[in-house]
Every structure is written in structure tokens, then in C-alpha cells.
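The values are calculated or read from the model by the stated rules, or taken from the named source; none is laboratory data. What you see is a predicted model, and the numbers here were worked out from it, not measured in a lab. Here the Cβ positions follow ideal geometry from the backbone for every residue, glycine too, while neighbour counts run over all protein chains shown. Heads up: the accessible areas ignore ligands, DNA and RNA and are worked out on the full protein's heavy atoms, side chains in. Shrake-Rupley method; radii C 1.70, N 1.55, O 1.52, S 1.80 Å.
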Amino acid sequence: MARGEVRVMRRQWWAWAIVALAVAAAVAPLVHTWLTNPDDQRLVDLDVYRTGGQMLLEGRPVYDYHTPAPQLLPFTYPPVAAMLAVGLAAMSWETAQWVWTAGVYVTLGVTVWFSFRRVLLKEPVRGHAPWVFGLLMVACAYLMPIRDQVRFGQVDILLVALCAADCLAKRPWWPRGFLIGLATAVKLTPGVFLIYLLVTRQWRTFSMAAFVTALLTLLPFAVIPGDAADFWFSALLDPERLGANAATTNQSMRGMLIRLYMNGALESAIWVVLVAVVGWLGFRGARDAYRAGDGLAAVALVGLMAVLLSPVAWIHHLAWVVVVLGAVVGDGGDPVRRRVSAGVWLYYVVPVPWWGVSLIAAGIPGVSLVLGKIVQDGFGLGALVLVWLLAFWLPRRRGPLEPGRPLVAS
């Protein structure tokens, strides 16, 4: 955090305290809804994390265990994630729920700060930064991918915050690349940032990120070798272990193809082509944004790659939408960009994919199936539109930033 940002925080500490309480009150209905769910429906992914840690504490195989019925969810993360989850397993279930939920909103706050920093530090908003930040926090908290972070007790917004902070902090106190390496070791999909660092020739950051990823990947082979082997040579190779790939919640390109009832070979061939085309467009757009000095747009594009290129990407993986909103709105000075950002926000607040499910169920001849399938894929198709928006539309709307000085350090 730069000196100017620290001054904004210190001068208005009382306002930040009030805003924190107001945000807590605004998200209380969400927290109450999900933390009072029946026990077997409450924060089910957090239960998976704690179970992984508990298996290590008890000396039992991490990848052979499933959470109790009716969920029956297996641990699907790399073994270092189970090692980190030991702390959660040491807590009571009630304590872990509250600690994790608080962590979701803290990391959302970090993400909102880095995503909307240009707005918050621009005059005359700068003098009202706490209040604007509070409004942005509440708006982002009600995005469906963020609501699902609390509903399921998911880790995605933490990974978004780690990658955003690593790329966008102006003078980080940690070695740049460390947080990307940590995020990649915990959940593989942030590995798209290693590709980004390569195509933008950020060699020092790439080296650090790759080193941390490799270190945290190899460490379990020394500490829990059996579990490490189980993951890399068995669990990782089973895509169905993640859940029903054809489910509406899978909004990756592969998920959309599977829902078209294609056979395995045809679906795989088309998916490989789409991954190549979308990946090329996305990483090229990120490289161009980086060179233009718009590191935020670059990070947003790479985050979308983590969703679209993955074989399985649930709706809560689209927590990257927070960064996309910040990239689209910029410093808030362009009314067109403000309106587009508001439209993107509204689109990801409402449960579009589930409207598609309802349309299909309605069974209206000639309408329900075709239109329903399109709407059912709404968030994934929306992510493809966002790639175009950031890579092709935004450069034409972008004002002068800092020519020759990318917002992401090397």
C-alpha cells in the first residue's frame, strides 16, 4: 500500500470504523441465511477443508474420505491445502464457520480496494473514500459468485485477493510472486497467472511464483508422501471427483459443451480448440493491457481465463467479477464505462443460469430447450463477453494512464 493510501486510511479511521459496522449490518441477512441452514447444507465446502485437515490429524488417507451424507463430498485440493486446513480442523465447527465467513468479507475488502483503487483515490472521491468503499463492498457482496462464497464456505475470494494483491500492490512488503505461488499451490487454477507472467516477461516475479509453487507442491511428498501420491497420480485425474460436470453450476466452456449432449470425442475436440482460441485472445489482451499500463484489466482478463479454460468452473469461481467491475469502471470518470459496469454488476447479481433451468422445465415447444440452454449457460457466456469487453472494447475507452509505467511491477 502506497503512502497516499495509508494517509487516506489513517486520517479517516473513525469513518472506516463506522463503514465496517454498516457493511456488517448490510451483509448480516446473507450471513444469517447461510449460517442457519440445516447442518448438512451449511458451508459444505468448508466442511471439506476441515475434513482434509482432520484426516491428517488422525493419520488417515485424505483422498479416501468423503463428508457425511447427503453431501458425500471428497477432498479435491492439492495436499498442501490439507496441511493448511489443519488449523481449521483444530477449531470447533461453529468457530470455524464464523472465522471463515469473516475471512470471506475481509478478503473481499482487499479485492475491492485493489479493484476500485483508482476511484477511491481520485478527487473528489478521495475525501469520501470510506463511504464509497462501503457502498462498493455491499454491492460486491451481493454478486451471486460472492454470495456463494458464504453459502458454501468457499476459498475463491481468498485466491482472488492473493493474486490481485501480488499483481497490483505498488510496493509490496513480500517478494512479488509469492502470493501467486501460494494460490497456485493451494488450488491449481491460479496457475494461469504463471502464463501471464511469462507472456508479459515479468521474469523475476515469474521465478518467485514458480519457486513457491514448486516448493509447496513438493513439500507434501516429504511430509505426507502417501497423500501426495494419491492426489497427483489418482484424484487429480478424475474430473467427476469435482462433482457432476454437466451441472448448471459448471459455467466453464467445457461445462457448456457437455450440456449440449455431445459425445466425449467431439466435446473434447471442440473444447481444445476453444481453449486455444479463448486462451490466445485472453492472454494477448492481458499482455496488451499490461503494456498499456492497465494492470487491473490484465489481472481481470487472466482471472477470467482461470474460469473459462478450466474443465470445471462453478459459479463461485466467478468471484473474479469483482476485479472485472473495477477494470471496466476505471477511475469512474467515463459515464459510459460506469453504465457498462453497472450492467455487468446487475447481470451477475441475478441468478441467470437458474432462469435457464426454469425455462427448460417449462417445456414450451420450440422455445424452452434452445433459449433455456442459452440462459442456463448465461454466466459462462457472460464471461466470454467480458473477455471481449476487456480485450477489445476497453482499450478504445481507456484514458491516459502512466505511459511506459505498467501498474504491475516486474
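Being within 21 Å of I157 (Cα to Cα), modelled with pLDDT of 95 or more and either open to solvent by less than 60 Å² (accessible area, probe 1.4 Å) or part of a helix (DSSP H, G or I) (or both): is that true of L389 here? So L389 does not fit the description; no. Taking the criterion of being assigned to a loop (DSSP other than H, G, I, E, B) and open to solvent by 50 Å² or more (accessible area, probe 1.4 Å), the residues of region 364-386 that qualify are I364, P365, G366, V367.
The rows are residues; the columns are (1) open to solvent by 20 Å² or more (accessible area, probe 1.4 Å); (2) closer than 30 Å to A165 by Cβ.
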{"site": "A24", "(1), (2)": "yes, yes"}
{"site": "D47", "(1), (2)": "yes, yes"}
{"site": "V62", "(1), (2)": "no, yes"}
{"site": "H66", "(1), (2)": "yes, no"}
{"site": "V80", "(1), (2)": "no, yes"}
{"site": "L84", "(1), (2)": "yes, yes"}
{"site": "A89", "(1), (2)": "no, yes"}
{"site": "G103", "(1), (2)": "yes, yes"}
{"site": "V110", "(1), (2)": "yes, yes"}
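Residues of region 328-344 include at least one that is under 18 Å from the mean Cα position of the chain (by Cα) and either in contact (Cβ under 8 Å) with a residue 60 or more places away in the chain or over 23 Å from A298 (Cα atoms) (or both). Looking across R287, R338, one residue alone is closer than 19 Å to V199 by Cα and either aliphatic (A, V, I, L, M) or in a helix (DSSP H, G or I) (or both). It is R287. Considering L188, L135, L182, L168, the condition of being under 25 Å from V223 (Cα atoms) and modelled with pLDDT of 95 or more is satisfied by L182 alone.
Among the candidates V324, V344, V302, V307, the residue that is crowded, with 24+ Cβ neighbours inside 10 Å, in a helix (DSSP H, G or I), of a type outside the set (G, A, S) and out of contact with any Phe, Trp or Tyr (no Cβ under 8 Å at 6 or more places or on another chain) is uniquely V324. Number of residues in region 192-242 that are open to solvent by less than 40 Å² (accessible area, probe 1.4 Å) and not in a helix (DSSP H, G or I) equals 3. Filtering region 364-390 to residues that are among the β-branched types (V, I, T) and free of Cβ contacts under 8 Å to residues at least 60 places away in the same chain leaves I364, V367, V370, I374, V375, V385. Going by the conditions given, is R287 touching a residue at least 60 places away in the same chain (Cβ under 8 Å), in contact with a Ser or Thr (Cβ under 9 Å, 6 or more places away or on another chain), within 28 Å of P79 (Cβ to Cβ) and charged (D, E, K, R)? Considered against the rule, which asks whether it is touching a residue at least 60 places away in the same chain (Cβ under 8 Å), in contact with a Ser or Thr (Cβ under 9 Å, 6 or more places away or on another chain), within 28 Å of P79 (Cβ to Cβ) and charged (D, E, K, R), R287 comes out as no.
For region 350-363, which positions are open to solvent by 30 Å² or more (accessible area, probe 1.4 Å), of a type in the set (A, V, I, L, M) and touching a residue at least 12 places away in the same chain (Cβ under 8 Å)? Passing the criteria: V350, V357, L359, I360. With respect to the numbered conditions (1) touching a residue at least 40 places away in the same chain (Cβ under 8 Å); (2) within 15 Å of V302 (Cα to Cα); (3) among the hydrophobic types (A, V, I, L, M, F, W, C), which one is the sole condition not fulfilled by L198? So L198 meets the others, but not (1). Condition first: open to solvent by 20 Å² or more (accessible area, probe 1.4 Å) and farther than 16 Å from R201 by Cα. Now tell me which residues in region 281-297 satisfy that. Answer for region 281-297, where residues must be open to solvent by 20 Å² or more (accessible area, probe 1.4 Å) and farther than 16 Å from R201 by Cα: just L281.
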